[in-house]
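Trainee: Once you've had a glance at the structure underneath, I'll fire off some questions.
The values are calculated or read from the model by the stated rules, or taken from the named source; none is laboratory data. Values in this document were obtained by computation on a predicted structure and should not be read as measured data. Cβ sites come from the backbone with ideal geometry, for glycine too, and all protein chains shown count toward neighbours.
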Amino acid sequence: EQDPAQMENHASRTEIRMAAERGEGVWTHFSRTLGFPMHYLALRVDRDGAPAGFVRVALPMSSVDRRVAAIQRLVWGISLLVGVVTLAVTYAVVARITRPLARLTSAAQRIAAGEYGHRVSVHRQDELGTLGDSFDRMSAELGQRVTQMHEDRELLATVFASMIEGVVAVDRAERILFANSAARALLEFPSGDIAGRPLWELVRHRAVEQAVRQAFAGDQLCLSEFEVAGSSRRIVALHAARLPGDPPPGVVLVLHDVTGLRRLENLRQEFVANVSHELKTPLSSIKAYAETLLEGALGDPKHNEAFVRQIAEQAERLNALIIDLLSLAQIESGQQAFEIVPVPVAELIARCVAQHGTAAAAKRIRLEAAACDAALRVLADAEGLGQILSNLVGNAIKYTPDAGCVTIRCAAEDLVAVIHVSDTGIGIAPADQARVFERFYRVDRARSRELGGTGLGLAIVKHLVQAFGGTVALDSALGRGSTFSVRLPRA
Ligand code: ADP
């Protein structure tokens, strides 16, 4: 770019001096010739072992700077690429580890919230895969157990709800843990949630308190009985047992309604007392007459026959009583095999009228059967229906003063036939009407005895009619007569 003849000697340049010393010299300095910085390289040229000259080349610094900048950019670019790739790889690796962990965490949260049996399904061969599999197994097992627990709970709840016995469980502080519907009804608990309320607040009974205390104190079953004076008086038998554990966490009470049982027991006792009493009276008479006869009256022609007649009469009473008792017992026990067949009503009425003709005639009572459809049949046992009619007609004659009237009528309704036995007798007061069907109930005990009644006739009628699926009703007014109506299913 310049004329070498015009140029100064460049032997003093730093790179030339460095080349003179070491064979090579590199230096950057401002080129006075060109007027801008240059990068110089000088090489010493030797000939025959002695320096012969120098070769020097130069590049402008701007070109070097450009190359350096290009290299720097390349380095930065590669660094950036390596950084991005490293980040991406790190992210992928971290995600591979954290994703199943996040799934496990969310699954654990869902299970904790009640979604039992939820699965994470981590399909991997490493430790996380094993953890995921264990988690899935645990979750499935937990799900099964919780379902089983729910089912067991439902089963228990259904069993408790369908129990006739009442069940109440209380904790150590005698607060109610549980009460089934039977217990609620039996003890008349208020409706709504009663769990947590003290037992004494709902049942104020010493027997209950004592049973709970005893059950806590000892491990044997405590039994007692108490009366609930609620809307209806009820007798409740109570069993108390403590729950297993040391100390026992509570006590369970089982309650049975024994009102019906006790009532039956009372009825039975009453019945036995009645029967004994009924048997004792004729027996005492028989004994007294027999003793009197034995003590000498046998030879007394004035009285002996009357005494023997009395004995026969009382024996007949005893016989009637025992026959009635036996047939009542048989009907009630359900052991009597009735032959339920279509029975022609008119025929049976005619037979009954014929049977009681003599007794009615003796009292000048007009006993008549109103015209009855000969085709009318009822479903009953012929002998039983005969006894029903006979008892009703017998009573009608017994309790109707001389010259009265006893009528038997029958009528057909849709599904039933009704047989009415009416009399113009003494009638029955309203207060006694419901009770005359009870065993041994008599409005006038003395009069019934005198007439040879046992007090069982109407009880037998009621039980027979019920055994045939029918009903018996009474319509009566004191002093104006009575009508007994027997309704039986039509054949
Ligand atoms: P009894 O053997 O005493 O007649 P029942 O059971 O047949 O026993 O009758 C019970 C009571 O009902 C009788 O004692 C009587 O007081 C009353 N009774 C029954 N039938 C009639 C009737 N037709 N008229 C009035 N009272 C009657």
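Trainee: Kindly provide the set of residues from segment 276-291 that are surrounded by fewer than 16 Cβ atoms within 10 Å (Cβ to Cβ) and under 60 Å from the mean Cα position of the chain (by Cα), ordered by number.
Mentor: Within segment 276-291, Ser276, His277, Leu279, Lys280, Thr281, Leu283, Ser284 qualify.
Trainee: Mind listing whichever residues of segment 473-486 are buried (at least 20 other Cβ atoms within 10 Å of the Cβ) and touching a helix residue (DSSP H, G or I) at 6+ places or on another chain (Cβ under 8 Å)?
Mentor: Selection gives Ser476, Ser482, Phe484, Val486.
Trainee: How many of the residues making up segment 394-419 are farther than 21 Å from Ala361 by Cα and within 15 Å of the ligand (Cβ to nearest atom)?
Mentor: 1
Trainee: Also, quick follow-up: Anything in segment 450-467 that is surrounded by fewer than 20 Cβ atoms within 10 Å (Cβ to Cβ) and away from the ligand (no atom under 13 Å from the Cβ)? List them, or say none.
Mentor: Of everything in segment 450-467, those that are surrounded by fewer than 20 Cβ atoms within 10 Å (Cβ to Cβ) and away from the ligand (no atom under 13 Å from the Cβ) turn out to be Gln466, Ala467.
Trainee: Tell me, which residue of segment 207-228 that is assigned to a helix (DSSP H, G or I) and touching a residue at least 12 places away in the same chain (Cβ under 8 Å) is farthest from Asp171 (Cα to Cα)?
Mentor: Going through the qualifying residues, I end up with Ala207.
Trainee: Among the listed residues Ala320, Ala329, Ala315, which satisfies the condition of being touching a helix residue (DSSP H, G or I) at 6+ places or on another chain (Cβ under 9 Å) and among the small types (Gly, Ala, Ser)?
Mentor: None of the other options fit; the residue is Ala315.
Trainee: Right, another one. Among the candidates Gln466, Gln433, single out the residue that is among the polar types (S, T, N, Q), out of contact with any helix residue (DSSP H, G or I) (no Cβ under 7 Å at 6 or more places or on another chain) and within 19 Å of Gly384 (Cα to Cα).
Mentor: Working: Gln433 fails: within 19 Å of Gly384 (Cα to Cα).
On inspection, the qualifying residue turns out to be Gln466.
Trainee: Just one of the numbered conditions (1) under 30 Å from Gln269 (Cα atoms); (2) within 11 Å of the ligand (Cβ to nearest atom); (3) at pLDDT 95 or above is not true of Ser482; which one?
Mentor: Answer for Ser482: the failing condition is (1).
Trainee: Which one of the conditions (1) assigned to a helix (DSSP H, G or I); (2) under 16 Å from the mean Cα position of the chain (by Cα); (3) surrounded by fewer than 16 Cβ atoms within 10 Å (Cβ to Cβ) does Gln109 fail to meet, given that it meets all the rest?
Mentor: (2)
Trainee: For Glu305, work out the one condition from (1) loosely packed, with under 15 Cβ neighbours inside 10 Å; (2) closer than 30 Å to Arg268 by Cα it doesn't fulfil.
Mentor: (2)
Trainee: Could you tell me which of the residues Leu264, Leu294, Leu318 is surrounded by fewer than 16 Cβ atoms within 10 Å (Cβ to Cβ), modelled with pLDDT of 90 or more and under 56 Å from the mean Cα position of the chain (by Cα)?
Mentor: Leu264
Trainee: Got a number for residues in segment 258-314 being more than 30 Å from Ala182 (Cβ to Cβ) and of a type in the set (Lys, Arg)?
Mentor: 4
Trainee: Still on this structure, I have one more. Among the candidates Ile331, Ile365, single out the residue that is touching a Leu at 6+ places or on another chain (Cβ under 8 Å), aliphatic (A, V, I, L, M) and under 28 Å from Phe440 (Cα atoms).
Mentor: Ile331
Trainee: Okay, next question. Could you please let me know if Val443 is of a type in the set (Val, Ile, Thr), surrounded by 17 or more Cβ atoms within 10 Å (Cβ to Cβ), within 13 Å of the ligand (Cβ to nearest atom) and free of Cβ contacts under 8 Å to residues at least 40 places away in the same chain? Explain how you work it out, then say what you get.
Mentor: Working: of a type in the set (Val, Ile, Thr): yes; surrounded by 17 or more Cβ atoms within 10 Å (Cβ to Cβ): yes; within 13 Å of the ligand (Cβ to nearest atom): yes; free of Cβ contacts under 8 Å to residues at least 40 places away in the same chain: yes.
The answer is yes for Val443.
Trainee: Please enumerate the residues belonging to segment 11-51 that are in a strand (DSSP E or B) and either modelled with pLDDT under 90 or closer than 19 Å to Arg66 by Cβ (or both).
Mentor: Listed by number, the residues that qualify are Val26, Thr28, His29, Phe30, Pro37, Met38, His39, Tyr40, Leu41, Ala50, Pro51.
Trainee: Report yes if Ala5 is under 60 Å from the mean Cα position of the chain (by Cα), in a helix (DSSP H, G or I) and without any contact (Cβ under 8 Å) to a residue 24 or more places away in the chain, otherwise no.
Mentor: Numbers: under 60 Å from the mean Cα position of the chain (by Cα): no; in a helix (DSSP H, G or I): yes; without any contact (Cβ under 8 Å) to a residue 24 or more places away in the chain: yes.
When the stated conditions are applied, Ala5 does not pass them.
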